[in-house]
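The values are calculated or read from the model by the stated rules, or taken from the named source; none is laboratory data. Everything quoted here is computed from the prediction, not taken from an experiment. Using ideal geometry, Cβ is built from the backbone for each residue, glycine included, and neighbour counts are taken over all protein chains shown. Surface areas here come from the heavy atoms of the whole protein model, side chains and all, with no ligands, DNA or RNA. Shrake-Rupley method; radii C 1.70, N 1.55, O 1.52, S 1.80 Å.
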Amino acid sequence: MKKVKKAVIPAAGLGTRLLPATKAMAKEMLPIVDKPTIQYIVEEALASGIEEILIVTGKSKRPIEDHFDSNIELESNLESKGKKELLELVQETTGIKLYFVRQSYPKGLGDAVLQAKAFVGGEPFVVMLGDDIVKAKVPLTRQLIEGYEKTHASNIAVMEIPMEDTNKYGIIEPESKVADDLYNVRHFVEKPKPENAPSNLAIIGRYLLTPEIFDILENQKPGAGGEIQLTDAIDTLNQTQRVFAKKFEGTRYDVGNKLGYMTTSIEFGLEHPEIKDELKDYIIDLAHQLEGKTSSKKVVESKEK
Ligand code: G1P
């Protein structure tokens, strides 16, 4: 069995859900507290034993390349001022085996992954989407690699979502349970309307795939939204070899939309050693203020009745 060593991070999306912030800036560079979102993803890959990472970029993605490169001027400035801790933070993101390829046209997630064909070669690999940050005891990518080591097959991360949200995700039609957290899948469907959705088990942005996916992607016709969908290619792969869905352990943060971005920032801020205490006090004060307002509004309403 081949070892899983490579990860692909598609970062070529337009980030329309976060406009106008993403007009000139890659959404992957937006920070959660003090780290760009993509750094959390790269850290998960490294913590899972991944050795080489390909980032598929598009327009306005130069800052991603710069972020993971050295910055000699900044580093010597911090060194000369004796700012050792900051220097270490800046150097943390260098020395990783990172590669970049450009997707010329935003034709969809399936097409972005196809750009990784030469990099991946004939090995199993993982795809990690930047919108999903996952906190888990065992990093989610590691959980999928362990799934591959047991099943020798593709493993896709899924979680339960509210039924009314199925049109935002790839959804699985489970066939049978192989274990408590592992499903055989009949079909993978991209963004079905709730009335057509075969379940509420949604694909979350981590996939462990066998390399046969590339031959399928090369011939994949556009699907939902007129885009080449990875989910459609996975559905085809599942007709010739087993693709398991793994209900994962951990908490998922969707940082690709405004509300998710804000709530993730707050939750991560509440764990950040530098700001957690003051942020907590601020939130408690704010909650009191809001409570005051809500109750005074209620009083007014009840008086009006
Ligand atoms: C993509 C995938 C979808 C998956 C989702 C997870 O959709 O196409 O199958 O469920 O990521 O975040 P997007 O969020 O890019 O529209």
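Overview of results
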| quantity | calculated |
| --- | --- |
| Of all accessible heavy-atom area on the chain, the percent that carbon and sulfur account for (1.4 Å) | 52 |
| Whether the range 1-89 is rounded, prolate or oblate, judged on the alpha carbon gyration tensor where a/c under 1.5 counts as rounded | oblate |
| Number of Lys pairs (Cα under 13 Å; 8 or more positions apart or on different chains) in the range 14-93 | 5 |
| Shape box of the range 109-155 [Cα atoms, principal axes, largest first, Å] | 32, 27, 14 |
| Formal net charge of residues neighbouring ASP180 (Cβ-Cβ distance under 12 Å; K, R +1; D, E -1) | +1 |
| Sequence of TYR169, TYR282 from largest to smallest accessible area, 1.4 Å probe | TYR282, TYR169 |
| Within the chain, helix-based [θ] at 222 nm, where runs of 4 or more DSSP H residues each add -39,500 (n - 2.57), nearest 500 | -11000 deg cm²/dmol |
| In Å², nearest 10: area of MET163 left accessible to a 1.4 Å probe | 80 |
| Kirkwood Rh and Cα Rg combined as Rg/Rh, the range 175-305 | 1.17 |
| Vicinal HN-Hα couplings computed from phi for the range 159-175 (Karplus, 6.51 cos²θ - 1.76 cosθ + 1.60; Hz; Gly/Pro x) | 8, 6, 10, x, 3, 5, 9, 4, 6, 9, 9, x, 10, 9, 9, x, 9 |
| Most mobile listed residue (LEU86, LEU290, LEU129) in the chain, GNM with C-alpha springs under 10 Å | LEU290 |
| Å² of accessible area per residue within the range 223-299, as computed with a 1.4 Å probe and no ligands counted | 63 |
| Prolate/oblate/rounded call for the range 145-220, Cα gyration tensor, a/c under 1.5 rounded | oblate |
| Most mobile listed residue (ILE283, ILE64, ILE171) in the chain, GNM with C-alpha springs under 10 Å | ILE283 |
| Debye equation applied to the C-alpha atoms of the range 235-289, log10 I(q)/I(0) at 0.15, 0.24, 0.25, 0.26 Å⁻¹ | -0.63, -0.98, -1.00, -1.02 |
| The range 20-61: C-alpha gyration tensor shape, a/c 1.5 cut-off, then a/b vs b/c | oblate |
| More than 28 angstrom apart: percent of Cα pairs within the chain | 44 |
| Ranked order, ILE53, ILE266 - accessible area, probe 1.4 Å, largest first | ILE266, ILE53 |
| Heavy-atom accessible area per residue - the range 57-127, 1.4 Å, Å² | 60 |
| Kirkwood Rh (inverse of mean 1/r, distinct Cα pairs), the range 98-256, angstrom | 15.8 |
| Calculated P(r) of the range 90-182 - Cα pairs past 20 Å, % | 55 |
| Lysine pairs within the range 112-194, Cα separation less than 26 Å, 8 or more sequence positions apart or different chains | 14 |
| Heavy atoms of ASP111 accessible to a 1.4 Å probe, total area in Å² rounded to 10 | 20 |
